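Asks: Got a structure here, written out as structure tokens. Questions coming.
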Amino acid sequence: MKLEAYRKAFEQLAAGLGDTPSRDSRRAQFERFAAVGFPSKREEDWRYTDLASLSEKQFALPADGGDALIPQALADSQQLVFVDGRFDAARSSTQQHIGNIATTETADDDGLAALNAAFASPGLDLQLAAGQVLAQPLHLLFLGSGSATGTMTHQRHRIVLGSGASASVILEFARDSADERLATHTLSIELGANASLRLYRLQRESAGATLLTRIDARLDRDSRLRALCLDAGGGFVRHDCNVTLAAPGCEAEVHGLYVPQPRAHVDNHTRIVHAAPHGRSREHFRGIVGERTRAVFSGKVVVQPGAQKTDSEQRIANLLLSKRAEVNAKPDLEIYADDVKCAHGATVGQLDETALAYLRSRGIDAATAKALLLRAFALEILDHVEFAPLRRHIEDILDFPDDPELDRLIEAIA
Amino acid sequence: MAANLSDVRQLVRNQKYSAGFITDIEAEKVPPGLSEDVIRLISAKKLEPEWLLEFRLKAYRRWLTMTEPKWAHVQFPPIDYQSISYYSQPKSHLDGPKSLDEVDPKLLETYKKLGIPLKEQEMLAGVQNVAVDVVFDSVSVATTFKKKLAEAGVIFCPLSEAVRERPDLVQKYLGSVVPFADNFYAALNTAVFTEGSFVYIPKGVRCPMELSTYFRINERNTGQFERTLIIAEEGAYVSYLEGCTAPQRDENQLHAAVVELVALDDAQIKYSTVQNWYPGDEEGRGGIYNFVTKRGDCRGARSKISWTQVETGSAITWKYPSCILRGDDSVGEFYSVALTNHRQQADTGTKMIHVGKNTKSTIVSKGISAGRGQQSYRGLVRVLEGADNARNYTQCDSLLIGDQCGAHTFPYTEVRNPSARLEHEATTSKIAEDQLYYCRARGISEEEAVSMIVNGFCKEVFKELPMEFAVEAQKLLQVSLEGAVG
């Protein structure tokens, strides 16, 4: 029977919960998932990402007490460490902002959201009162232990900012294991009037990992969301980012860079809904797609009736570097208001031959020249990272040559 | 300005779909409904060979297992395929006219009203040099300039005639570009298609004149299922135009056509459409459902297929003229202007499938949405693994007129070759206030100014149309846009 392993895992979880309302609501969510199952490739939103094989997988819930190698903490930030989906208080620099929001209703009828809600373990619950400013960025680190082979973890997170509040949050997914694992994360964001949130999502999972994340954000009057997504891992990854500009004057920026490792599959889906006038949205995604990788980008901008004076821009650029690579891009516009300015563009191409020749004529070897140009391509996105320690961390992950002398050269070319 | 606007409104109220009249002509129609018997009947009426009947039945059986596609961004009540009559022909046509002189004068009058000259001498008097095949409901009523074309070796005739005269060619190419089970409407068309044009340009021949087919739906409760097949042999060139109208009626009528183009080595096919089916009234009553499958196959090296379309009619348009760039160095082009006004809906675009090396494609799509019109561009550019140095340029712009309309863009790009270069760009905006103001300050009325700006917006596409069509397209656009401002 399909989804059998999931049912077994759920019964195990339910037995531990006893006779509680939480168990009943989880059971309802699980039954919804069991009825709908994983999304199929026939659904337009899942056209390029096939989850069919997940139905047959035998994932179990991880045992307690998993241990993982904790990387060095980023400077000037608070670290929250999760190992195998469980909060590791001892390794974290703060105990705050952790909560179980499993019983809250899910956003819509998606089978994945139901799966996540049925199994959800505690995650980030950041709630700031009006005017409150989070002094240091919160750095959430999701790791996997060596003993957690063939397991799945599901977490729900929430960020609620009161009016005028502001915060920076970094989500880093870095399970390092060769065996198959599944993780789902959902994050709901509510920004009050004039609130401001910076969100960074870093993914450097290794091959074998399946990661499905989903962000739903709702922006109130004059609030700002700035999100940056970086994918540098080798797993099978799908991200959904849904932003609704619900009141006038909101601003949303969603930028991303994907540099998938060989055999990786990275699918970024964004949906920006302008539901009120005077909204501004910017989206810029870039991809460097090499050997045996598959990158998908699907971005939708919807301007609802009445959302006049909307200003929206969406740009996607891809470098396709190998015969055995594939890029699928789909920037959609759905516009129901007339006084708007909406543009989108998508390109697929290669490194500029003339720029390569220029660098080589100045004595830079081909490999360095190529790396330089790739870095220059990536900088367009990385420049949106304002938190310096994180910027260094990302450059370390990407491993492009970093030399001030060469930086000047890059600028000369640009 | 207020007075001016009310003048415009007055004008609009009086504005009629000029092709909306009905020709009162006796017709022979098969009763509504679709079954194998109906298909056998159609086939028998057309005196078709056994293989064609088998082809139809195969498609029909597959169609029964298929479901209507739901992905398009359009809404309409379910179509009852059993209430449509799948065959209608003017009674006077039963014996078949031998020449133009024998054609029912009522029919000639119909086309005269539509501005389609059927008498060859008339055409010679004018500037036009166009051979016309005229399809009225399910049958072709006349094809002009046959003799002149025959001298050049060009075959231009109704498809049913081609089935009798050149079964070898028809059998070889029919369904080779759009397979019988390609999609729901193509399968339906394959089962019941009744007429259409057949064009064959032999090796090395440049067709001496523009070829044109004029489609007209007249009868109530009928659908038109035409099928066009164009074959350009090595080094051949042809430019083909297609026009369509239908009477003004409160009910919806279905038009599900299939067009197949085959271009061999070094051949060029230029296919232009001015689609002006009845669009329905302001409240969205009536109008044609235009669900069409058009595909060109650049089979030979250095071949070129170019689609140009001006879509102003139809209640709903669902149409994606595509190119399969199979031959090395082949070129595909798609130029489109689509206009939706009142409650019209259009989901249109193209597919460019790059298979061969050094293949190039260009897509220019201009969408204009006014009133409560909903308009979508949906395009696919796919570069397969072997398509080295494929190149695509896509530009789709939308113009919004009024705050009740919608303009949508759904571009798909799928690339599997690292030497491919693709660019896609799209913008959506309303008519610039400063441009309007400039025109108004110079004494140009708002209506005229809008029409002028819209024409400028579409210029890139219009310049691809043959001269006579470009003029007609501009006029059409103007008429279709009336009432959009104010």
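Asks: What single numbered condition from (1) at pLDDT 90 or above; (2) in a strand (DSSP E or B); (3) not aromatic (Phe, Trp, Tyr) fails to hold for B:ASP266?
Replies: B:ASP266 satisfies all of (1) at pLDDT 90 or above; (2) in a strand (DSSP E or B); (3) not aromatic (Phe, Trp, Tyr) except (2).
Asks: Among the listed residues B:ALA370, B:ALA346, identify the single one that is at the interface with chain A (Cβ under 10 Å from one of its Cβ atoms) and surrounded by 24 or more Cβ atoms within 10 Å (Cβ to Cβ). Quick ask: steps written out before the conclusion?
Replies: Values: B:ALA346 fails: at the interface with chain A (Cβ under 10 Å from one of its Cβ atoms).
After ruling out the rest, the residue left standing is B:ALA370.
Asks: I'm trying to understand the selection: among the residues of region B:288-330, which are more than 24 Å from B:ALA187 (Cβ to Cβ) and outside any strand (DSSP E or B)?
Replies: Result: B:GLY300, B:ALA301, B:ARG302, B:SER303, B:THR312, B:GLY313, B:GLY327, B:ASP328, B:ASP329, B:SER330.
Asks: Scanning for something aliphatic (A, V, I, L, M) and either modelled with pLDDT under 95 or not assigned by TED's automatic domain parsing to the domain that holds A:GLY234 (or both), does region A:274-284 turn up at least one residue? Even if it seems obvious, please write down each step before you answer.
Replies: As a first pass, look at region A:274-284 and keep what is aliphatic (A, V, I, L, M): A:275-276.
The next check asks that each one be either modelled with pLDDT under 95 or not assigned by TED's automatic domain parsing to the domain that holds A:GLY234 (or both); those that pass are none.
No: region A:274-284 contains no residue that is aliphatic (A, V, I, L, M) and either modelled with pLDDT under 95 or not assigned by TED's automatic domain parsing to the domain that holds A:GLY234 (or both).
Asks: Next question, about the same structure. Among the residues of region A:344-369, which ones are at the interface with another protein chain (Cβ under 7 Å from one of its Cβ atoms) and closer than 23 Å to A:LEU321 by Cβ? It would help to see each step written out before you state the result.
Replies: Our first condition is that a residue be at the interface with another protein chain (Cβ under 7 Å from one of its Cβ atoms); within region A:344-369, this holds for A:344-350.
Listed by number, the residues that qualify are A:GLY345, A:ALA346, A:THR347, A:VAL348, A:GLY349, A:GLN350.
Asks: One residue is enough: does region A:316-336 have a residue meeting the conditions more than 9 Å from every other protein chain (Cβ to nearest Cβ), of a type in the set (Asp, Glu) and not in a loop (DSSP other than H, G, I, E, B)?
Replies: Looking through region A:316-336, none of the residues is more than 9 Å from every other protein chain (Cβ to nearest Cβ), of a type in the set (Asp, Glu) and not in a loop (DSSP other than H, G, I, E, B).
Asks: Right, something else. Hey, could you check region B:331-345 for residues that are assigned to a loop (DSSP other than H, G, I, E, B) and out of contact with any Lys or Arg (no Cβ under 7 Å at 6 or more places or on another chain) and say which is nearest to B:LEU481 (Cα to Cα)?
Replies: Step one: of region B:331-345, the residues assigned to a loop (DSSP other than H, G, I, E, B) are B:341-344.
Those left that are additionally out of contact with any Lys or Arg (no Cβ under 7 Å at 6 or more places or on another chain): B:341, B:344.
Details: B:ASN341: 7, B:GLN344: 12 Å.
Only one residue tops the list, namely B:ASN341.
Asks: Still on this structure, please answer the following. In this structure, is A:ALA376 in the same structural domain as A:GLU251 (by TED's automatic domain parsing), surrounded by fewer than 21 Cβ atoms within 10 Å (Cβ to Cβ) and under 27 Å from A:ALA227 (Cβ atoms)?
Replies: Working: in the same structural domain as A:GLU251 (by TED's automatic domain parsing): no; surrounded by fewer than 21 Cβ atoms within 10 Å (Cβ to Cβ): yes; under 27 Å from A:ALA227 (Cβ atoms): yes.
Considered against the rule, which asks whether it is in the same structural domain as A:GLU251 (by TED's automatic domain parsing), surrounded by fewer than 21 Cβ atoms within 10 Å (Cβ to Cβ) and under 27 Å from A:ALA227 (Cβ atoms), A:ALA376 comes out as no.
Asks: Here is a follow-up. From A:LYS300, A:LYS341, which residue is within 14 Å of chain B (Cβ to nearest Cβ) and under 26 Å from the mean Cα position of the chain (by Cα)?
Replies: Just a single option satisfies the conditions, and that option is A:LYS300.
Asks: Is there a residue being at the interface with another protein chain (Cβ under 8 Å from one of its Cβ atoms) and either within 30 Å of A:ARG294 (Cβ to Cβ) or surrounded by 17 or more Cβ atoms within 10 Å (Cβ to Cβ) (or both) anywhere in region B:429-439?
Replies: Within region B:429-439, the first condition is being at the interface with another protein chain (Cβ under 8 Å from one of its Cβ atoms), and the residues that meet it are B:429-430.
From what's left, either within 30 Å of A:ARG294 (Cβ to Cβ) or surrounded by 17 or more Cβ atoms within 10 Å (Cβ to Cβ) (or both): B:429-430.
Looking for residues that are at the interface with another protein chain (Cβ under 8 Å from one of its Cβ atoms) and either within 30 Å of A:ARG294 (Cβ to Cβ) or surrounded by 17 or more Cβ atoms within 10 Å (Cβ to Cβ) (or both), one finds at least one in region B:429-439, hence yes.
Asks: Going through A:GLN12, A:GLN29 one at a time, which residue ends up being surrounded by fewer than 12 Cβ atoms within 10 Å (Cβ to Cβ), out of contact with any Asp or Glu (no Cβ under 7 Å at 6 or more places or on another chain) and either at pLDDT 85 or above or more than 24 Å from A:ARG263 (Cβ to Cβ) (or both)?
Replies: Numbers: A:GLN29 fails: surrounded by fewer than 12 Cβ atoms within 10 Å (Cβ to Cβ).
From the options A:GLN12, A:GLN29, the qualifying one is A:GLN12.
Asks: Yes or no: region B:349-366 includes at least one residue that is touching a His at 6+ places or on another chain (Cβ under 8 Å) and part of a strand (DSSP E or B). Outline the logic, then answer.
Replies: Within region B:349-366, the first condition is being touching a His at 6+ places or on another chain (Cβ under 8 Å), and the residues that meet it are B:361.
Next, only the ones that are part of a strand (DSSP E or B) stay: B:361.
So far as region B:349-366 goes, yes, one or more of its residues are touching a His at 6+ places or on another chain (Cβ under 8 Å) and part of a strand (DSSP E or B).
Asks: Taking only region A:303-315 into account, find how many residues are within 24 Å of the chain's Cα centre (by Cα) and either of a type in the set (A, V, I, L, M, F, W, C) or part of a loop (DSSP other than H, G, I, E, B) (or both).
Replies: Result for region A:303-315: 1.
The values are calculated or read from the model by the stated rules, or taken from the named source; none is laboratory data. Every value quoted in this text rests on a predicted model; they were computed, and no experiment measured them. No Cβ is skipped: glycine too gets one built from the backbone with ideal geometry, and neighbour counts run over all protein chains shown.
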